[in-house]
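The values are calculated or read from the model by the stated rules, or taken from the named source; none is laboratory data. The model shown is predicted, which means the values in this text are computed figures rather than measured ones. Cβ sites come from the backbone with ideal geometry, for glycine too, and all protein chains shown count toward neighbours. The accessibility values were calculated without ligands, DNA or RNA, using every heavy atom of the protein model including side chains. Shrake-Rupley method; radii C 1.70, N 1.55, O 1.52, S 1.80 Å.
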Amino acid sequence: MLRNTRARWGALSQLFHWLIAALIAVQVVLGLTGVALPLGMAKLATLARHKSLGITILGLALLRLGWRAVNPTPALPGNLRPYERRLARLTHAALYALLIALPLTGWMMSSARGFPVSWFNLVQLPNLVSRNLPLYHTLVHVHVALAITLGAVLTLHIAAAIKHHFVLRDDILRRMLPGAPPRPMGAPQSAKE
Ligand code: HEM
Ligand code: HEM
């Protein structure tokens, strides 16, 4: 089913989730490789790809949030403690915020450096700020700090998914995966699962 229900994520939400997860992995490799390469064509090409992919992630994140707004969201399991509930909401909000802030700071720093951003050489994007070298240096620091924050929040997010699946044995991971419909939330868990 394309749409979400109160019990599980629909196919489109799952596609957004796993596509963005895969693109983030590629994006971090492109960013780290681009920074490590010596000045030259390979560096420019890698960073150009990093920028185009980053803009793609921004577009997908906005579409994903739009789709989320017009769908029900699956309820968190009833047995979570209040602080776990708050932590889950906070982590998800932080991930969405980072999915927007990272591309925007990247785009702004490219504009401040005087390197216009294109999307795979197909669409020329406007400069977000005018050329300003001190601003560029500040934004590089902000971009890197946000990337490190994303790494930290994702570690927590993935650890939570593993805990839900293997320790609490609930349907949190399964309902983000295509396949069998999950048990109703709060239902007793079978011992052999
Ligand atoms: C979710 C999206 C993004 C992620 C996760 C991300 C992550 C990174 C990472 C990990 C680095 C390497 C930093 C370092 O080790 O110094 C980097 C560098 C860079 N990123 Fe991004 N980035 C994203 C989006 C963008 C976008 C949209 C642009 C531009 C339109 C951009 C422009 C750059 C540039 C120019 C660098 C090289 C910085 C330098 O000159 O030192 N990034 N990014
Ligand atoms: C191995 C990697 C990952 C695993 C195992 C994983 C697992 C999950 C699971 C099981 C959920 C569903 C939570 C629920 O039903 O309440 C979820 C939601 C979510 N994931 Fe991930 N995830 C991964 C990577 C990522 C990445 C890379 C991002 C973005 C940078 C991300 C962002 C989110 C967000 C924002 C939600 C909340 C959805 C919402 O409430 O709208 N995840 N993740």
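For the reader, a short list of remarks on this structure follows.
- Potential extension, L60-L37 segment - 0.36 nm per residue separation minus Cα distance: 5.5 nm
- A simple charge model with +1 on the Cβ of Lys and Arg, -1 on the Cβ of Asp and Glu and nothing else charged puts the dipole of the chain at about 360 debye relative to its Cα centre.
- Pairwise centroid distance, computed over Cα atoms, of the range 91-122 with the range 22-73, Å: 8
- Site pair F115 and V142 shows an inter-label distance of 1.8 nm when each label is modelled 7 Å from Cα along Cα→Cβ.
- The chain: mean projected area of Cα convex hull, nm²: 12.9
- Per residue value of the accessible surface for the range 11-176 (all protein chains in place, 1.4 Å probe), Å²: 58
- Of M176, M108, M41, the one that fluctuates the most in a GNM where the chain has Cα springs shorter than 10 Å: M41
- Inter-label distance, L23 to A97: 2.2 nm, where each label sits 7 Å from its Cα along the C-beta direction.
- FRET efficiency, 1/(1 + (r/R0)^6) with R0 22 Å, evaluated for V70 and L177 via beta carbons: 0.45
- Put a dot 7 Å past the Cα of R169, heading toward its Cβ, do the same for A152, and the two dots end up 3.5 nm apart.
- A probe of 1.4 angstrom, applied to the heavy atoms of all protein chains, finds R89 with accessible area near 140 square angstrom.
- Surface composition of the range 11-176: carbon and sulfur atoms hold 74% of the protein heavy-atom accessible area at a 1.4 Å probe.
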